[in-house]
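The values are calculated or read from the model by the stated rules, or taken from the named source; none is laboratory data. This structure is a prediction, so every number in the text was calculated from the model and none was measured. Positions of Cβ are backbone-derived with ideal geometry, glycine not excepted, and every protein chain shown enters the neighbour counts.
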Amino acid sequence: MPEKKAKAKVKIAELEVKLARLGNKGKQGKEKVDTLLELGNHWRYKNLDKQVEYVQEALDLAEKLDYRAGIGNAHLAISSSFYYKGGYDSALEHGLIALRIFEELDNKSGIAIACNNIGNVFLGRSDNESALKYYSSAIKILEELGDKVKAANIYNNAGIAYKNIEKYKKAIESHRKALAYREEMDDKHGIGSSNYNIGDVYVVLKEYDKALNHFIVARDYFQLTGVNMGLAYVNLGIGGTYFNLNKLEKASSYLQTCLKMTREIGIKELEITCLTLFSDLYQKQKEFQKALDYFKQASELKSQLFNEESEAKINQLRLKYETEQKEKEAEIIKLKNEELEEMVAERTAKLEAQIEERKHAEGELKEKLALIEVQRAAILELSTPVIKIWEGVVVIPLIGVLDSKRAQHLTEELLTSITTTQSKMAIIDITGVPTVDSAVANHLLKTVESVKLLGAECVITGIKPDVAQTIVHLGIDIDKLDTRATLADGLKWAFGKIE
């Protein structure tokens, strides 16, 4: 591995020297774009921010030169970077731009990779069926081209999608197909990736010995190639497997390594998974405060990735599709008036086929919007979690803006949990709530009264000074509120009641 890292450093240094010699015009300018993209690719698995820095410079120069292939490749690289950083809306936007450019150039390989990147976005959003459609299109093109290296990568991604929809046999078949191609090409990084994904399927099937064997093979190959991103995933896989085997000390060690590497590289989705596993691990160890801390970190990160702004950008992309459709229809009318009948008929048929594809894409986007609505409801569910931390004690930690809709959901969830768990004490922690208006304050008061009607006691913790002043200025009757300064004080209160 040190030798591999040394060779990589030498290669980067050579590219930097080459870059310094190249100008920004003509043939040299295009060569400079390609060199910048190659440099960005070297940083892809090590530092995503560094990769974007080189690729953005390549894109700016390619646009000045009107170097269409360079522009397409730059958008592909940016799409991939945003995907790993959890910026799915931006990843989709850049992937679609790349796809259009490569369709114009009739670049089959570029079309396939763009389809793969778009499929990855849908995979990240848990829309596995749409992901598989794009993966299938990409695989078909690459098999026709005989490009086994790229085909293996996409078989790998398709395997992940099949695992997510519980088609485990197809998942393993796809990963083994990828592995066979990679072994044939002696692609060490790819061999590691395939072994990791096969192990991941075996974890779901609870065949933990097989899973560990594949993870260890993957780790050895990633260490050979010095791929930090792959090592981060492997540490998660091994840590998760030891967690399932109840070997918690080993699990914690691997998860710590994974979390450190993930934060260095910047893979947000993997960080969420790691934080969630840590929360589950500390619950098993009955260290509930630590479990709660990690759960809060994971929830905050999820809120950053799946927010209303992201949904708005997806809607903007949908509008772009509709605009393109109208432009195509207008072009058909123009052609009918300006060109010979035979030429018009030929081009009209082609454009109408494109419009049909756009209509199909619009239908798919409508399905995606419906999925977003489901995800929004799921996010609301995650934003008001009720945790049973002890027999007879439930805690509901709140983070972010607390509006009337969320306050209503809080009441419903808390009352339901008290009834089902037969809890006698409830703690509402608003440490992470920045502001409270009169409607929400009154709602909290009614929630406390509702809890008391069920025969349980309720305490509110973590009221900040500015929130406290707001409640007093609003004239809320605070005599009915039982409060504690911190969540820890609330827990002491609850455990004191148990004793």
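So which residues in segment 439-454 are of a type in the set (D, E, K, R) and within 16 Å of His409 (Cβ to Cβ)?
Quick first cut of segment 439-454, residues of a type in the set (D, E, K, R) only: 446, 449, 452.
Selection gives Lys446 alone.
For Ile141, which of the numbered conditions (1) more than 23 Å from the chain's Cα centre (by Cα); (2) assigned to a loop (DSSP other than H, G, I, E, B) fails to hold?
(2)
Which one is surrounded by the most Cβ atoms within 10 Å (Cβ to Cβ), of the residues in segment 144-168 that are β-branched (Val, Ile, Thr) and under 23 Å from the mean Cα position of the chain (by Cα)?
If we take residues in segment 144-168 being β-branched (Val, Ile, Thr) and under 23 Å from the mean Cα position of the chain (by Cα), then Ile154 is surrounded by the most Cβ atoms within 10 Å (Cβ to Cβ).
Of the numbered conditions (1) closer than 23 Å to Asn228 by Cα; (2) not hydrophobic (A, V, I, L, M, F, W, C); (3) not in a helix (DSSP H, G or I), Ser193 fails exactly one; give the number of that condition.
Result: Ser193 passes all but (3).
Do you know which residues across segment 144-185 are of a type outside the set (Gly, Ala, Ser) and in a loop (DSSP other than H, G, I, E, B)?
Asp147, Ile165, Glu166, Lys167, Met185
Taking interchain pairs and intrachain pairs at least six residues apart, which have beta carbon atoms under 9 angstrom, with the first residue in segment 485-499 and touching a residue at least 24 places away in the same chain (Cβ under 8 Å) and the second in a helix (DSSP H, G or I) and of a type in the set (Phe, Trp, Tyr)?
That search, which allows pairs on different chains as well, returns Leu491/Phe288.
What about Leu224, is it at pLDDT below 90, surrounded by fewer than 24 Cβ atoms within 10 Å (Cβ to Cβ), more than 23 Å from Tyr83 (Cα to Cα) and not assigned by TED's automatic domain parsing to the domain that holds Tyr84?
So Leu224 fits the description; yes.
Please find, among Glu16, Glu31, the residue that is in contact (Cβ under 8 Å) with a residue 12 or more places away in the chain and over 21 Å from Leu92 (Cβ atoms).
Numbers: Glu31 fails: in contact (Cβ under 8 Å) with a residue 12 or more places away in the chain.
Matching residue, one of Glu16, Glu31: Glu16.
If you check every pair at least six apart or on different chains, which have Cβ atoms under 7 Å apart with a residue in segment 50-69 that is touching a residue at least 40 places away in the same chain (Cβ under 8 Å) and hydrophobic (A, V, I, L, M, F, W, C) first and a residue that is surrounded by 15 or more Cβ atoms within 10 Å (Cβ to Cβ) and in a helix (DSSP H, G or I) second?
The qualifying pairs are Leu65/Gly29; Leu65/Lys30.
Please report, ordered by residue number, the helices (runs of 4 or more DSSP H) entirely within segment 1-105 with at least 2 residues that are buried (at least 19 other Cβ atoms within 10 Å of the Cβ).
26-43, 48-65, 68-85, 88-105
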